[in-house]
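Visitor: Once you've had a glance at the structure underneath, I'll fire off some questions.
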There are 2 protein chains.
Amino acid sequence: MRADARRNRDRIVDVARALFRTKGFDAVSMDEVAKASEVGTGTLYRHFPTKETLYDAVLEAWADKVNAAVDAALALKAPAREQLISWLTEYATMLTAHKGAAARITASLGDPGSPFAAKCETYLSANRRMIEGLGPALRSEVEPMQVCRIVGGVAAVADSSELPADSVKGMLEIVADGLLAS
Amino acid sequence: MRADARRNRDRIVDVARALFRTKGFDAVSMDEVAKASEVGTGTLYRHFPTKETLYDAVLEAWADKVNAAVDAALALKAPAREQLISWLTEYATMLTAHKGAAARITASLGDPGSPFAAKCETYLSANRRMIEGLGPALRSEVEPMQVCRIVGGVAAVADSSELPADSVKGMLEIVADGLLAS
DNA sequence: GAACTATACGGAGACTGTCTCCGCTTTGCA
DNA sequence: TGCAAAGCGGAGACAGTCTCCGTATAGTTC
């Protein structure tokens with residue numbers, strides 16, 4: 001990639017990240033990103049063929065954070081229920097960091113063609129590790145995909161209704177209790 | 001209302017219902033509804049100022065179905081868990097009857113200005129009746145709004161990912177177990 | 001049944017968004 | 001320094017939602 005292209009690409013991602021974080025995915029137009037990045041829309045679209053691929057680039061660094069959250073939860077000196085709630089809360093928080101992200105990412109679970117496929121894989125394996133880590137404390141037939149979807153659904157609702165954290169917590173406790181062996 | 005207006009309005013709702021059901025909310029444009037209803041877009045928009053108010057009119061008859069589903073679930077000669085799962089399944093099924101509905105309706109829970117406010121109220125009171133009907137079988141602090149949101153979230157995910165029924169059932173069982181007293 | 005007015009109709013087009021096309025510019029290598 | 005190849009930018013195609021306003025009609029009144 002040519003140096004000017006590299007510079008533009010990096011600047012676009014930085015600008016887009018700031019815009020998405022403050023205004024949410026839907027409320028930011030591609031024209032706006034182009035203008036704020038001081039490039040033409042053609043340039044923007046050559047780097048990122050769709051708005052979603054741009055979003056995917058913006059979320060690049062998440063994988064590390066996700067894995068760190070799993071480690072932190074499993075390292076907690078606390079009952080399985082606390083560990084699980086800690087992880088679910090962290091997971092939901094990360095999903096709702098950008099307005100509009102939760103629904104989009106969760107909707108593309110299981111779609112290998114989605115631009116978020118890599119993110120989904122990260123979440124799936126994080127949940128798989130969590131399930132293995134908690135072992136028999138969980139009911140036997142829990143699937144990583146199920147956890148991704150249920151928590152993704154809760155996060156999407158929390159996001160779209162702008163629910164306060166403790167309201168989300170209440171819902172995640174219900175989900176956690178449903179996941180634990182009875 | 002003038003007779004011609006009444007006729008047009010009724011025809012628009014019928015046509016829109018058929019279109020929404022087969023193609024889903026997002027995939028149907030207002031122009032398409034106008035054309036298929038054989039009215040101008042101006043006429044369509046005078047009857048229904050936004051696409052969502054049109055959708056609300058299309059969903060008119062749902063309240064009765066929702067209440068019937070609660071009655072049916074409570075009348076089941078079965079353990080509380082079965083009754084609860086029966087209701088949650090029915091609820092999620094109704095929400096996903098039109099593609100795109102679940103996310104929209106669930107997102108407007110708690111927003112009195114939404115065109116779906118009446119629908120939300122119906123769902124809330126249905127869940128309230130269910131919670132009262134099941135009584136001490138449920139954990140003590142369950143709120144109707146929580147149930148609406150969690151199940152709405154699961155339904156929205158199921159809808160957007162076009163999940164098979166048994167996959168949804170697995171998730172609803174987890175939710176149900178989380179709602180039941182342990 | 002003719003005249004009249006409130007009501008309703010319809011479609012052109014304003015506006016906003018995503019994304020494409022293509023002539024011009026710049027980079028980096030020989 | 002010259003010259004492809006790579007990159008740039010913005011006009012505009014296209015698709016939505018929704019508004020405006022001139023025209024038509026229902027239904028009432030005499």
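Visitor: Can we say A:Val28 is outside any helix (DSSP H, G or I), under 21 Å from A:Arg104 (Cα atoms) and not assigned by TED's automatic domain parsing to the domain that holds A:Ala97?
Guide: yes
Visitor: Is it fair to say B:Ala5 is more than 19 Å from B:Ser160 (Cα to Cα), crowded, with 18+ Cβ neighbours inside 10 Å and within 11 Å of DNA strand C (Cβ to nearest atom)?
Guide: No.
Visitor: Which one of these does A:Ile85 not meet: (1) at pLDDT below 95; (2) aliphatic (A, V, I, L, M); (3) buried (at least 17 other Cβ atoms within 10 Å of the Cβ)?
Guide: Condition not satisfied by A:Ile85: (1).
Visitor: Something else now. Filter segment A:97-111 down to residues that are at pLDDT 90 or above and farther than 15 Å from B:Ala103 by Cβ and give me whichever is surrounded by the fewest Cβ atoms within 10 Å (Cβ to Cβ).
Guide: Within segment A:97-111, the match that is surrounded by the fewest Cβ atoms within 10 Å (Cβ to Cβ) is A:Asp111.
Visitor: Give the residues of segment B:53-100 that are within 16 Å of DNA strand D (Cβ to nearest atom) and within 14 Å of chain A (Cβ to nearest Cβ), sorted by residue number.
Guide: Passing the criteria: B:Lys99, B:Gly100.
Visitor: Here's another thing I want to ask about it. Restricting to segment B:161-182, give me the number of residues that are at the interface with chain A (Cβ under 9 Å from one of its Cβ atoms) and buried (at least 22 other Cβ atoms within 10 Å of the Cβ).
Guide: Number satisfying all stated conditions: 6.
Visitor: Okay, moving on. Which ones in segment A:31-72 are of a type in the set (Gly, Ala, Ser), assigned to a helix (DSSP H, G or I) and more than 17 Å from the chain's Cα centre (by Cα)?
Guide: A:Ala34, A:Ala36, A:Ser37, A:Gly42, A:Ala72, listed by residue number.
Visitor: Can you name the condition, by its number, that B:Asn127 falls short on among (1) under 17 Å from the mean Cα position of the chain (by Cα); (2) farther than 24 Å from A:Arg139 by Cα; (3) within 8 Å of chain A (Cβ to nearest Cβ)?
Guide: Of the numbered conditions (1) under 17 Å from the mean Cα position of the chain (by Cα); (2) farther than 24 Å from A:Arg139 by Cα; (3) within 8 Å of chain A (Cβ to nearest Cβ), the odd one out for B:Asn127 is (3).
Visitor: Please tell me if B:Lys23 is modelled with pLDDT under 95, assigned by TED's automatic domain parsing to the domain that holds B:Arg9 and within 16 Å of DNA strand D (Cβ to nearest atom).
Guide: Judged against the criteria, B:Lys23 is a match.
Visitor: Report, by residue number, each residue of segment A:118-146 that is in contact (Cβ under 8 Å) with a residue 40 or more places away in the chain and either in a helix (DSSP H, G or I) or buried (at least 19 other Cβ atoms within 10 Å of the Cβ) (or both).
Guide: A:Ala118, A:Lys119, A:Thr122, A:Tyr123, A:Ala126, A:Arg129, A:Met130, A:Gly133, A:Leu134, A:Pro136, A:Ala137, A:Leu138 - these are the residues of segment A:118-146 that are in contact (Cβ under 8 Å) with a residue 40 or more places away in the chain and either in a helix (DSSP H, G or I) or buried (at least 19 other Cβ atoms within 10 Å of the Cβ) (or both).
The values are calculated or read from the model by the stated rules, or taken from the named source; none is laboratory data. Being a predicted model, the structure only gives us computed values, none of them experimental. Glycine gets a Cβ as well: all are built from the backbone with ideal geometry, and neighbour counts include every protein chain shown.
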